[in-house]
Amino acid sequence: MRSEFVVPTDLDTATRHPRAAAPGEPVGEHNPVCYGCGSRAPHGLNLRTIAGDGLTVWADMAVTPWMEGGPGVIHGGILSTAFDEVMGAIPKLLGANAVTVHLEIDYGKPVSVGSTVRLHAELLGVQRRKIFTKAVAHLGDPNDSLAIAHAVFVTIKGREHFSDYVENSRAADEYRPHFTP
Ligand SMILES: CCCCCCCC(=O)SCCNC(=O)CCNC(=O)[C@H](O)C(C)(C)COP(=O)(O)OP(=O)(O)OC[C@H]1O[C@@H](n2cnc3c(N)ncnc32)[C@H](O)[C@@H]1OP(=O)(O)O
């Protein structure tokens, strides 16, 4: 499958954080009401991302009828959200808080409603605060991809980054004590 995302040639390697989820363990939700991974999100994907070997993660997503875009196939924006979420677990393996600054998707084949898509993400490398990732969506054979995604995440200081917004959260009561000086 074709992707024109240009991966910098001078990326640094990174190591797994000693307290990161072990291979086979869930990486864990970063926000219980997150649209992508939150177990208490009223609407959303409820994705459960699992740590893989090395600096990789994966998640399975059942493509249910509410995800429909074109007749009988997934909406591209839903797949994009899933990619963002799964690649967003890579910084957690590094022990970093990070947000997406760039997300790029190459859609190769339609994804049928009723299928279960596996999303597999890996770290490409880091450069200062930037974390470069790649992910592939497939139906069981990673070499037969449905779509490929690339994303760049930038590390943040969570408290500073979200302090102006946390009162808008459905979980504001839980977050407030952590944001109060
Ligand atoms: C805590 C876990 C949450 C996970 C949620 C799941 C993923 C998400 O959906 S996150 C939500 C969507 N993303 C956002 O809202 C982020 C909005 N953006 C921002 O707030 C700011 O751009 C922020 C804080 C990330 C970076 O700003 P700032 O701290 O000023 O850094 P800045 O100097 O601009 O950029 C840092 C580096 O990233 C690079 N960069 C910034 N934007 C981009 C971009 N769009 N593409 C590529 N590189 C970029 C910069 O060039 C710089 O690189 P270098 O080290 O080479 O100079």
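Using helices alone, what [θ] at 222 nm do you get for the chain, with -39,500 (n - 2.57) per DSSP H run of 4 or more residues, divided over all residues and rounded to the nearest 500?
On the way: 4 runs with 29 residues, N = 181.
That calculation yields -4000 deg cm²/dmol at 222 nm.
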Gaussian network model of the chain, Cα within-10 Å springs - most flexible of Ile156, Ile131, Ile50: Ile156
Least to most buried among Tyr175, Tyr107, Tyr165 (fewest other Cβ within 10 Å first): Tyr165, Tyr107, Tyr175
Sum of side-chain charges, Arg159 neighbourhood, beta-carbon under 15 Å (Lys, Arg +1; Asp, Glu -1): -2
Reachable lysines from Lys157, criterion Cα separation under 30 angstrom, eight or more residues apart if same chain: Lys92, Lys130, Lys134
Candidates Asp12, Asp164, Asp84, ranked by Gaussian network fluctuation over the chain, Cα under 10 Å, top entry: Asp164
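Using Cβ contacts closer than 10 Å as the measure, can you line up His75, His150 from fewest to most? Provide the component values of the computation, followed by the final result.
Working: His75 15, His150 21.
The most exposed by this proxy come first: His75, His150.
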Inter-centroid distance (Cα atoms) of region 25-94 relative to region 149-167, Å: 18
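At most 15 other C-beta atoms within 10 Å and a DSSP loop state: those are the exposed trypsin sites (Lys or Arg not before Pro) I care about. Give me the longest piece of the chain that has none. Walk me through the numbers before you get to the answer.
Values: sites that count: Arg2, Arg19, Arg40, Arg48, Arg128, Arg129, Lys157, Arg170.
Counting at most 15 other Cβ atoms within 10 Å as exposed, the longest clean stretch of the chain is 49-127.
Could you give the Stokes-Einstein D for region 50-179 in µm² per second, using the C-alpha Kirkwood radius, 20 °C, 1.002 mPa s?
Values: Rh = 15.8 Å.
It diffuses with D of about 135 µm²/s by this estimate.
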Point-to-point label distance, Asp53-Gln127, nm (Cα→Cβ direction, 7 Å offset): 2.9
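No value in this document is a laboratory result; all are computed from the given coordinates. Since the model is a prediction, treat every value here as computed from it, not as a measurement. Methodologically, a virtual Cβ is constructed for each residue, glycine included, from the backbone with ideal geometry; neighbour enumeration extends over all protein chains shown.
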